[in-house]
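See below for the structure under consideration.
The values are calculated or read from the model by the stated rules, or taken from the named source; none is laboratory data. Since this is a predicted model, take the numbers as computed values, not measurements. Positions of Cβ are backbone-derived with ideal geometry, glycine not excepted, and every protein chain shown enters the neighbour counts. In case anyone asks, the SASA skips ligands and DNA or RNA and just uses the protein heavy atoms, side chains included. Shrake-Rupley method; radii C 1.70, N 1.55, O 1.52, S 1.80 Å.
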Amino acid sequence: DATTHANGESKWSFLFSLTDLKSIKQNKEGMGWSYLVFCLKDDVKLPALHFHHGDSKLLINCLEKHVVLNESPQDKRILLVNSQNKSLSQSFENLFDEPSYGLLQKLKKDPYTVTMGRFSKVTNYIFDSFRLSDPSNQRRPPSEMADFLNDAIPGLKINQQEEPGFEVITRIDLGKQPEVSRREPVSAEEWAKNMDSEGRILNVDYIKRLIFKGGLCHTLRKEAWKFLLGYFPWNSTKEERANLQKRKTDEYFRMKLQWKSVSEEQEKRNSRLRDYRSLIEKDVNRTDRTNKFYEGEDNPGLILLHDILMTYCMYDFDLGYVQGMSDLLSPVLYIMENEVDAFWCFVSYMDQMHQNFEEQMQGMKTQLIQLSTLLRLLDSGFCSYLESQDSGYLYFCFRWLLIRFKREFSFQDILRLWEVMWTELPCQNFHLLLCCAILESEKQQIMDKHYGFNEILKHINELSMKIDVEFILCKAEAISMQMMNCKELPQAVSEILGIETSSVTPDSDTGEDESGAVLSCQTSLYQSISTPVTAANGTGDGAQQMSETQSLTPA
């Protein structure tokens, strides 16, 4: 029998004899980090053993020196100890039905899957786990579960300001949060007026400011998104763009032919391509099926979605396909209505989002830590409350960040939100300020009703499709103005928002505010736009007054 115990190193350690080993299950290639699951002869399934830096094959090689391992004919991911053992054909989802593991192991195994479409199931599982009257040690307390969630992304440590390299952010007076209003979407007439006779955009900064403040009218999106995503250079002529599209069309179909021409026999010997195709087919069949562009059987939109994702595997075979990427492609294809243009726009979008989907998930780690830093500056009291409820790791924001709020807003609202974010205004990482805006909007209910660990997860999950996109855009912009006008903005926050800091004496002619923070990326954001910006009636943490003039034209 397996002897499970806690030692000084880890409370999740386990020990077993190789003579008791029945089978080993491995992860699917390209699906998160590596793991191994050991099943013993008495059908005890041990917790997944994760290899955050790879090298699971090394352990397999070592074990093969002591036991004979054979690939299961039913599932090539399962290695059987001695071929006479009957194979394990149950899915990974069933391996951890034991109350001791359940949700937590699923999260460590594949945080993408758990936090995507099955997020509501996660919340229900948590509630079911703690609603039961049985107080036995089979059920883990919320604090222990929170610790485990915090470890689900290796290297993610939110609250470590006391350690070297982390800046202690004390309570800072951000002043009043201004109220901002938004303008109408950019019209076709406004777009045309900002283009010369050869098709060059005359004033890129100006058009970006207009898009940030109002978005685009729908008829403009097919053209403007190509610029916003970086497929079309902003300074290109109409002729140059036509030549670019011709070259990119040829390049696309050469890559598409690569996977189209793979025979069934070849694919049998290419497990990664097989796995990519299987996962793509599964995801395509459940992506935005209520949208007319993708609804029904044998929909041409679904075929294009599938083909573009398969071709992307040829473009970046190392990454291939990871769950969630179909969510990023779907709105882009919907707008482009063209396979080639949609592919290259998606490639540009994935260049921004690539780290979110890499095995080490470095992008997700960084963003969650940065979000915690911003939220602590904005509202240290709320941060402290979340920590008191074992929710300081902000894991409930994972889905927001992974696919840029795609599951939180309606399809049409996502079109607006994404095009605003793609302007890269009013600062770097504006999407993190959108997270702050949503969380701050929910703060009162969460704190007034004394929501605990379970209730916070459930509440955040149930915000999906209930968030007013224009309100959140206004609030996030107001937060950015608060921070950029702050006299004592911490260095860590300045770096996250991309605000250059300087020790030079403030000078009204240098483009600096009184704190010496150079608002280099945003000094002209509110100039040349007639949208009114007024001071809010409510107060922030402090009483610093921000005048209307300061809001409109930062000194």
### Query
Sequence-distant or interchain residues sharing an amide H contact under 5 Å with Glu500, placed H: which?
Val518, Ser520, Cys521
### Query
If you project the alpha carbons of segment 335-457 onto the principal axes, what extent comes out on each, in Å, largest first?
50, 31, 28
### Query
Tell me, what is the 1.4 Å probe accessible area of His450, in Å² to the nearest 10?
140
### Sites Glu198 and His218 - FRET efficiency at Förster radius 25 Å, r taken between beta-carbons, to 0.05
0.45
### Message
If I stretch the segment between Gln445 and Val67 completely, what's the gain in nm (0.36 nm per residue apart, minus their alpha carbon distance), one decimal?
### Response
130.4 nm
### Summary
Expressed per residue, the solvent accessible area of segment 217-356 in Å² (1.4 Å probe) is about 46
### Query
With respect to the cross-link table entries Lys222/Lys282; Lys208/Lys487; Lys222/Lys246, which display a Cα-Cα separation exceeding 22 Å?
Lys222/Lys282; Lys208/Lys487
### Task
Taking H placed 1.01 Å from N in the peptide plane, check which residues at least 5 places from Lys22 or on another chain put their amide H under 5 Å from its amide H.
Cys39, Leu40, Lys41
### Query
Quick one: Karplus J couplings for segment 328-336, per residue in order, coefficients 6.51, -1.76, 1.60, θ = phi - 60°, nearest Hz, x for Gly and Pro?
6, 6, 3, x, 5, 5, 4, 6, 6
### Summary
With a ≥ b ≥ c from the Cα gyration tensor eigenvalues, square-rooted, and the rule rounded for a/c under 1.5, otherwise prolate when a/b > b/c and oblate otherwise, segment 183-279 is prolate
### Task
May I ask which residue of Trp344, Ile369, Ser326 lies farthest towards the positive end of the charge dipole of segment 286-439, with charges of +1 (Lys, Arg) and -1 (Asp, Glu) on Cβ and the Cα centre as origin?
Ile369
### Query
So which lysines can Lys458 reach, going by Cα to Cα under 20 Å and dropping same-chain residues fewer than 8 places off?
Lys106, Lys108, Lys121, Lys406, Lys443, Lys449, Lys466
### Query
In Å², what does the accessible area per residue of segment 362-497 work out to with a 1.4 Å probe?
29
### Summary
So Thr19 and Ser388, fully extended at 0.36 nm per residue minus their Cα-Cα distance, gain in nm 128.3 nm
### Task
Using the Karplus curve 6.51 cos²θ - 1.76 cosθ + 1.60 with θ = phi - 60°, work out ³J(HN,Hα) for each residue of segment 66-82 in order, rounded to whole Hz, and write x for Gly and Pro.
10, 9, 8, 10, 10, 5, 5, x, 7, 8, 5, 7, 9, 9, 9, 8, 6
### Message
Modelling each spin label as a point 7 Å along the Cα-to-Cβ direction, I'd like the Asn243/Glu264 distance in nm, to one decimal.
### Response
4.6
### Query
When N counts the residues of segment 217-356, how does its alpha-carbon radius of gyration compare numerically with 2.2 N^0.38 Å, as a ratio?
1.07
### Query
Residue by residue, what Karplus-based ³J(HN,Hα) values in Hz, rounded to whole numbers, does segment 280-288 have, using 6.51, -1.76 and 1.60 with θ = phi - 60° and x for Gly and Pro?
4, 4, 5, 6, 4, 6, 10, 9, 6
### Query
Which percent of the accessible area of segment 362-497 is formed by carbon and sulfur heavy atoms (probe 1.4 angstrom)?
45
### Cβ-placed point charges (K, R +1; D, E -1), dipole of segment 362-497 about Cα centre in debye, nearest 20
260
### Task
On the full set of protein chains, 1.4 Å probe, figure out the accessible area of Trp259 and give it in Å² to the nearest 10.
10
